[in-house]
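Nothing in this text is a laboratory measurement; each read-out follows from the coordinates by a stated rule. Note that the structure is a prediction, hence the values are computed from the model and not measured. Here the Cβ positions follow ideal geometry from the backbone for every residue, glycine too, while neighbour counts run over all protein chains shown.
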Amino acid sequence: MSAQVTYTSSTGEQVTYEGAAGESVMQIAMHHGLRGIIAECGGSMSCSTCHVFVDEDDLELLPPVSELEDEMLDTTAVDREPNSRLSCQLVLADGCWIHVTTPESQM
Ligand code: FES
């Protein structure tokens, strides 16, 4: 039961980490000390410092945007794009491999 996430920074550096199915893109980043995602609220959807841009091809693999996530995406440090998500809401299914880019700033 595993999932993978490839994180690309705003300057183009790439790392791929493995996590467990059921973990979020934010949790996997935290476990590996990834800079680029802060996740100040720990996943309770009240900070928007876990903002990521999801590769277009991977959007359909993820749970839909909730109303609250949509509201919080209006408060990100770097302006949202159509492929913006809060990484704490991106819970991964078994075998999933997601590619995200972190914004230049989270605060
Ligand atoms: S960790 Fe705070 S909104 Fe995602």
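Quick notes on this one:
- Count of the stretch 74-100 residues which are part of a strand (DSSP E or B) and farther than 14 Å from ILE28 by Cα: 2
- Between ARG35, ARG80, ARG85, the distinction of being under 16 Å from MET107 (Cβ atoms) and either of a type in the set (Asp, Glu) or in contact with an Asp or Glu (Cβ under 8 Å, 6 or more places away or on another chain) (or both) belongs to ARG80 only.
- Scan of the stretch 58-73 for residues that are assigned to a helix (DSSP H, G or I) and either closer than 17 Å to PRO103 by Cα or without any contact (Cβ under 8 Å) to a residue 40 or more places away in the chain (or both), ordered by number: LEU59, GLU60, LEU61, GLU67, LEU68, GLU69, ASP70, GLU71, MET72, LEU73
Yes/no matrix, rows are residues, columns are (1) within 8 Å of the ligand (Cβ to nearest atom); (2) of a type outside the set (Ser, Thr, Tyr); (3) within 20 Å of SER10 (Cβ to Cβ):
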residue: SER44; (1), (2), (3): yes, no, no
residue: CYS50; (1), (2), (3): yes, yes, yes
residue: ASP58; (1), (2), (3): no, yes, yes
residue: PRO64; (1), (2), (3): no, yes, no
residue: ASN83; (1), (2), (3): no, yes, yes
residue: LEU86; (1), (2), (3): yes, yes, yes
residue: ALA93; (1), (2), (3): no, yes, no
